[in-house]
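Asker: A single structure is presented below for examination.
Just so it is clear, none of the values below were taken in a lab; they were calculated from the coordinates. Note that the structure is predicted; figures quoted are calculated from it, not measured. Cβ: placed from backbone, ideal geometry, glycine included. Neighbour counts: every protein chain shown.
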Amino acid sequence: MPAEAAELLTDALRDLPDPTLLDLGTGTGQVPKALLKALPSLAHIEGVDWSRQMLDQARVALTPLLGSCALSLVQTSADVYTRPAPLPGEEWWTPDLITCCRAFHWMSGPDVLAMAHRVAAPQASLAITGDGSLWTYEADWTRAPRHLIQQYVGPGRRADTMGDYTQPIRPFQEELTDSAWSDVAEHRFPITRTWTLESVLGYLRSTSFAGADLFADRHAAFEEEVRALLDDLTDSGSLPEETEFTVLLARRPAGGR
Ligand SMILES: C[S@@+](CC[C@H](N)C(=O)[O-])C[C@H]1O[C@@H](n2cnc3c(N)ncnc32)[C@H](O)[C@@H]1O
């Protein structure tokens, strides 16, 4: 997440005494990481993901950065998430900011937005954010591996071993407008990243469209071919990506809370 986007998301939290964050589809904790940097006074972060492996990685990434911020990680589907009741002696808190980065397309939009409406603090904001993927980014160095993936696992974009990925039918903005979170503003931040051969391979392993499980015993052969393709396409070893990070920042109109 670009620093400017993290600043935008934390702006509304700055004057709160103990600001709290609920991050849906937290993955390896990239959003809490960026927000902790932008707002070190964050008091509580709850990360939700249905993957235990992702949550384990999020804990490793976030623990050194927490300071006095409390972290809870909940393994469940965001669609059915409920706020856990506090343990005796614990304070009850409600999220001031709810984020969902590069993950909303995997979820049932109406269910997640209704859940967010139930659990959020009265003045809370909700942000759906993302920046596409190397599957959607158009460049020679993304097209060549994409064609290779298709040769190995079939022409459609795979969604792990569950079959092909289906595009969301409705734009996220429309889903928001039809929900309690109907006061929506869109913000775009240009970003430039520089990939290396190894970071592309690591990224591909972590995706639903090119994870190792899809290739079974041909994964090593696939990675060798990606290496050869990308080697041919870069002299310097660096592979540039210029893209945009989009933030849909939503609030509930007064009276809808
Ligand atoms: C592409 S990753 C994005 C991770 C992180 N938000 C980021 O931007 O780096 C998507 C994450 O959403 C999780 N996920 C997908 N559908 C989910 C659902 N219905 N409930 C909870 N987590 C979900 C996946 O396990 C994965 O960790």
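Asker: For the stretch 125-166 and the stretch 1-39, compute the distance between their C-alpha centroids and round to whole Å.
Answerer: 27 Å
Asker: For the chain, what are Rg and Dmax over the alpha carbons, in angstrom?
Answerer: Spelled out, the Cα radius of gyration and Dmax of the chain are 19.4, 61 Å.
Asker: For the chain, what does -39500 (n - 2.57) per DSSP helix run (n ≥ 4), summed and divided by total residues, give at 222 nm, in deg cm²/dmol to the nearest 500?
Answerer: Values: 8 runs with 85 residues, N = 257.
The helix-only estimate for the chain comes to -10000 deg cm²/dmol at 222 nm.
Asker: Follow-up. Residue by residue, what Karplus-based ³J(HN,Hα) values in Hz, rounded to whole numbers, does the stretch 31-36 have, using 6.51, -1.76 and 1.60 with θ = phi - 60° and x for Gly and Pro?
Answerer: Using θ = phi - 60°, the values come out as 6, x, 4, 5, 6, 4 Hz.
Asker: Taking θ = phi - 60°, what integer Hz values does the Karplus form 6.51 cos²θ - 1.76 cosθ + 1.60 yield along the stretch 100-105, in sequence order, with x for Gly and Pro?
Answerer: The phi angles translate into 8, 10, 6, 9, 4, 5 Hz.
Asker: So which GluC sites (Glu not before Pro) in the stretch 42-126 end up in coil per DSSP with only 16 or fewer other C-beta atoms within 10 Å?
Answerer: Details: sites: GLU46, GLU90, GLU91; in loops: GLU90, GLU91.
Loop-located and lightly packed - GLU90, GLU91.
Asker: Classify the stretch 1-130 as rounded, prolate or oblate, taking a ≥ b ≥ c as the square roots of the eigenvalues of its Cα gyration tensor: rounded when a/c is under 1.5, otherwise prolate if a/b is larger than b/c and oblate if not. List each step's numbers first, then the result.
Answerer: Values: a/c = 1.14, a/b = 1.10, b/c = 1.04.
Verdict is rounded for the stretch 1-130.
Asker: Still on this structure, please answer the following. Each residue of the stretch 238-245 in turn: what ³J(HN,Hα) in whole Hz from Karplus with 6.51, -1.76, 1.60 and θ = phi - 60°, glycine and Pro shown as x?
Answerer: 10, 10, x, 10, 10, 9, 10, 9
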